[in-house]
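Have a look at the structure below, then the notes.
Bear in mind that the values in this text are calculations on the coordinates, not laboratory data. Here the structure is a predicted model, which is why all the values come from computation and not from measurement. Note that each Cβ is placed from the backbone with ideal geometry, even for glycine, and that neighbours are counted across all protein chains shown.
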């Protein structure tokens, strides 16, 4: 059995079993970090208790809420992933070469609501100031979505499912 596994004609096929899937590409750490970042970034605001209380007061309906410890953990994950992205932009030469001020601003806009919300919840610094900064940061992020790179949250689904290209789930081609 081991002889068959190590046979030259089977080696390539067998080694494919141990390779990382193409979904996570050449840089699996970056891929997993990006996936976790996006999941936490999108889901956390919907299930935070304070947001649901405001939603219930405004509309009379709300989502269920996750525990405050869990949403704190997800917020910390977003902040750690954001720090990792900032580290890559500052210290990885191939990433730094294609990074400009706009990329730093977009990262700040994405991270600021989580940082200010975390600081407000834990009452670090002045609570009222942090809540106001949190609201402004959240509104800035929502306003920036249709006009900036943050729109990839919406256009991802259009690209992956409706536009057939080499990176989509459809039949792609390389005609330019």
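Here 134, 38 are placed in order of increasing Cβ neighbour count within 10 Å, fewest first, which gives 38, 134. Legend: calculated FRET efficiency, residue 132 to residue 58, from the Cβ-Cβ distance at R0 = 25 Å, rounded to 0.05, equals 0.85. Here the residues 96, 88, ranked from fewest to most Cβ neighbours within 10 Å of their Cβ, fall in the order 96, 88. By the beta-carbon count within 10 Å of each Cβ, the least crowded to most crowded order of 89, 94, fewest first, is 94, 89.
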